[in-house]
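Student: Shown below is the structure under consideration.
Throughout, read-outs are computed from the coordinates displayed, never taken from laboratory work. Predicted model only: the values in this text are computed from it and were never measured. Here the Cβ positions follow ideal geometry from the backbone for every residue, glycine too, while neighbour counts run over all protein chains shown.
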Amino acid sequence: QEELLHRQDKLAAVGQLAAGVAHEIRNPLTSMKGYAEFLQLDEKDPERIEFLNIILDEIERVNNIVEDFMVLAKPKDVELEEKNLVSIIKNVVSLLEFEARKNHVCIHLDYDQDIIQIICDENRLKQVFLNIIKNGIEAMPSGGDLHVRMRIHENNIHISIQDTGVGIPKDKLNKLGDPFFTTKKNGNGLGLMVSFKIIENHNGKVFVESKPNKGTTFNIFLPTRST
Ligand code: ADP
Ligand code: MG
């Protein structure tokens, strides 16, 4: 009985989340449609550039939701395999290289062995590092350094992702990972929620340290054999 109730709670939560995500996507789509219709009506409209900018902005917003939420982690293919975490991280960093350069952010990799084997769902872990490193880049609007470090401690791998960005005020730390918690103009607040869930599914843990205007470190601990 209790188990069932619990399950229903969870289903309700998933339903609410899906509705929230649909809402987040529908808003920018509606706005883009409206502005595109204006542009179609009058091609000499002096506000043309402004409307086009709004459309591009909204496309970016939808793109971010898809990227944070579901690009790499397809709901169905949960695949646990032995993988090299160093390669996983290098791959994610290469995906973000352009983004980093554009924002004058330099990403530094630090690890003391080339092969760190981990049993994991590779695509989901990539999603985690993508989201957290992307947040680090976004936290440094005027550029800076981002360090990704990997160390093995007994049966755990410690991955730290450290930025020198805006930081997070103490009273906001416990909001991290809440669906739709965002402080960004074009944010959606889905990235950390998804990431924390994936880490939990790998029996891992996350600790966040942050000082406003100094920077933030995400400490992720993953067992080398998660199951
Ligand atoms: P989004 O990036 O769309 O805002 P996330 O779930 O990825 O959503 O992050 C939620 C919020 O957590 C961000 O809006 C930001 O306020 C805070 N945050 C996450 N990572 C960092 C970081 N490295 N530095 C400062 N704030 C961060
Ligand atoms: Mg994010």
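Student: Given Cβ point charges of +1 (Lys, Arg) and -1 (Asp, Glu) and nothing else, what value in debye, to the nearest 20, does the dipole of region 72-150 about its Cα centre take?
Tutor: Using only the charged Cβ atoms, the result is roughly 300 debye.
Student: For LEU41, LEU85, LEU29, LEU96, what ranking results if the residue with the fewest other Cβ atoms within 10 Å of its Cβ goes first?
Tutor: The most exposed by this proxy come first: LEU41, LEU29, LEU96, LEU85.
Student: Now, a different point. Show the residues, 5+ positions off or on another chain, whose built amide H is closer than 5 Å to the amide H of VAL105.
Tutor: Result for VAL105 returns GLY144.
Student: Additional query: From the helices alone, meaning DSSP H stretches of at least four residues, give me the mean residue ellipticity at 222 nm for the chain, per-run term -39500 (n - 2.57), in deg cm²/dmol to the nearest 500.
Tutor: Computed mean residue ellipticity for the chain: -16500 deg cm²/dmol.
Student: Still on this structure, please answer the following. Just LEU56, LEU125, LEU80 to compare: in a GNM of the chain, with alpha carbon springs under 10 Å, which one fluctuates most?
Tutor: LEU56
Student: How far apart, in nanometres, would the label points at VAL66 and ASN155 be if each is projected 7 angstrom from Cα along the Cα-to-Cβ direction?
Tutor: Result for the modelled spin labels: 4.1 nm.
Student: Kindly identify region 109-156 as rounded, prolate or oblate by the Cα gyration tensor criterion: order the square roots of the eigenvalues as a ≥ b ≥ c, call it rounded if a/c is under 1.5, otherwise compare a/b with b/c, prolate if a/b is larger, else oblate.
Tutor: It comes out oblate by the Cα gyration axes.
Student: Further question: With the calculation restricted to Cα positions, what are the radius of gyration and Dmax of region 32-143 in angstrom?
Tutor: 19.2, 61
Student: How many Å³ per residue does the convex hull of the Cα positions in the chain occupy?
Tutor: Convex hull of Cα atoms, per residue: 155 Å³.
Student: List, in order, the whole-Hz ³J(HN,Hα) value for each residue of region 143-154 obtained from phi through the Karplus relation with A = 6.51, B = -1.76, C = 1.60 and θ = phi - 60°; use x for Gly and Pro.
Tutor: x, x, 10, 10, 9, 10, 10, 10, 9, 9, 10, 6
Student: Further, regarding this structure: Determine, for each peptide in 160-173, 193-206, 141-154, the mean count of other beta carbons within 10 angstrom over its residues, then list the peptides with the highest first.
Tutor: Packing proxy ranking, top to bottom: 193-206, 160-173, 141-154.
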